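These notes concern the structure reproduced below.
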Amino acid sequence: MRWTIPLILIGVLSTAALADEDARRAQVNAATADGLEVLRREVYARPLSRDVNVERFIDFCHARDEFDEIFKSAHQIGGARWLDDQTVQVRLEIPGDLVAKRIEGIAQKNMDRLPLPIRALRERYKTDFLHRTFSATGTSTAATAASRLRPDPSQVSWRAVSDKDRQSAIESARTNAIDRVIESLGMIEWGNGRRLSNVMDVPAVRSALRTWLAERPITSIEFHDDFEVRISLAASAPDLWPVLQEALQKHALALQPANPREWEQLQQNVMKSLAPAIGRSLANGPAGHLQSVVIPRDPPAWIAASPLESVGVSGPIGGSKLKTARAAEAVALVQLRSRLEELKLGKEMTLGQAARKDPHIEQALCRSLDQARIAKVEYDVPSSGAVRVRMTVDMQAVWHELSGR
């Protein structure tokens, strides 16, 4: 009997050690995923000509899935670097010649779609890609460390924000990220037009998902000078899927897919349509920081750019091409909104930041999206019943809505 307490203590300590190991592994995986996304953005932004970068070239050729395969070849440089007991960094690299070869392969398959002459394309990647290496560092912070995250000391405006208000803004941004994921799940359909929205109304399912999301590591946090906080959580579709599946099997027997085919369709739709776990909020700063945003007198440079484009893809829904196309269109609109929000309105603020401060600008962005047009619809992509929709919005129309409010 005298061994009971020590054995129990050993069991508790072993369980705690395993949980800590799992948490650290999850953080390293999150930092790796973050590094891959940073690497992807760097490669996509690389120019191929004055008007065409890698991302636009890939979209012209409808080859995102094919191109993104190269990022599986990214290799880690050194081991994971722990900055402290709750923050880890992972450095990744990918050779430029691998990127160039993939661009060449895609170009050869899409000669009739190329947005620039093949000769100019080859000259560009031979001089700018073959002898360089793309690299990126991914970071992950434990969910429990969120409250201690702070803006850079050089951000003078944040000195007027109390620790309590800063921590409240961080938690609000995290909650916003979680809400965004849950809402996107509710829109996902499978088999005969059924949606996950009914499943999300089951308290046990919703609680399981929200708890998992709240415990995910933080991959990035941004403190903007207008007191906006933006946070990203490590909650990819492949990571979330087993959590969702288990919750459905445990708590929603009557609402879950009825056979393996429906399960597969649901999984595919989750992989394609899950919203990124990115949340935003505004901290309480000095009085007056929520006043109306002044629209610049001179139009920004982007007004002369080509129409803004986005591509949405949806797996087959209820055997209806029309429903599938509408779902793909909805995805494209979400992406188009995200790209609009990234545009600069003056030197210090993006349209997204301005819209969250001023409801008039938010309404102008909504009216702009109402004017978006479908540029192309592709059915059975690729021979799977999926639909791809490309949408565009005219930049002058966007400015007209903003400046004419």
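The values are calculated or read from the model by the stated rules, or taken from the named source; none is laboratory data. Remember, it's a predicted structure, so these values are computed and weren't measured experimentally. Backbone-built Cβ (ideal geometry, glycine too); neighbour counts: all protein chains shown.
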Cross-chain or 6+ apart pairs with Cβ under 8 Å, the stretch 48-76 first and in contact (Cβ under 8 Å) with a residue 40 or more places away in the chain and part of a helix (DSSP H, G or I), then surrounded by fewer than 18 Cβ atoms within 10 Å (Cβ to Cβ) and aromatic (F, W, Y): V54/Y44; I58/Y44
Cross-chain or 6+ apart pairs with Cβ under 6 Å, the stretch 84-97 first and outside the structural domain of R150 (by TED's automatic domain parsing) and crowded, with 19+ Cβ neighbours inside 10 Å, then in a strand (DSSP E or B) and aromatic (F, W, Y): V88/W82; I94/F134
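Inspect all residues belonging to the stretch 350-367 and state whether any of them is without any contact (Cβ under 8 Å) to a residue 12 or more places away in the chain and not assigned by TED's automatic domain parsing to the domain that holds S403.
Filtering the stretch 350-367 down to residues without any contact (Cβ under 8 Å) to a residue 12 or more places away in the chain leaves 350, 359, 362, 366.
From the residues that got through so far, the ones that are not assigned by TED's automatic domain parsing to the domain that holds S403 too are none.
No, the stretch 350-367 contains no residue that is without any contact (Cβ under 8 Å) to a residue 12 or more places away in the chain and not assigned by TED's automatic domain parsing to the domain that holds S403.
Which residues, taken from the stretch 186-218, are within 24 Å of E37 (Cβ to Cβ) and modelled with pLDDT under 90?
Of the stretch 186-218, the ones within 24 Å of E37 (Cβ to Cβ) are 187-188, 209-210, 212-218.
Selection gives M187, I188.
Quick check on my filter: what residues within the stretch 87-136 are β-branched (V, I, T) and within 24 Å of the chain's Cα centre (by Cα)? Explain how you work it out, then say what you get.
Going residue by residue through the stretch 87-136, those that are β-branched (V, I, T) are 87-88, 90, 94, 99, 103, 106, 118, 127, 133.
Correct list: T87, V88, V90, I94, V99, I103.
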First in the stretch 228-249 and over 19 Å from N29 (Cβ atoms), second anywhere and in a strand (DSSP E or B) and among the hydrophobic types (A, V, I, L, M, F, W, C), Cβ under 8 Å, 6 or more apart: E228/L282; V229/I221; V229/F223; V229/L282; R230/I221; R230/I278
The stretch 153-184: number of residues that are loosely packed, with under 14 Cβ neighbours inside 10 Å and within 24 Å of the chain's Cα centre (by Cα): 1
Residue check, A258 over 19 Å from the mean Cα position of the chain (by Cα), closer than 25 Å to V313 by Cα, surrounded by fewer than 19 Cβ atoms within 10 Å (Cβ to Cβ) and not assigned by TED's automatic domain parsing to the domain that holds V38: yes
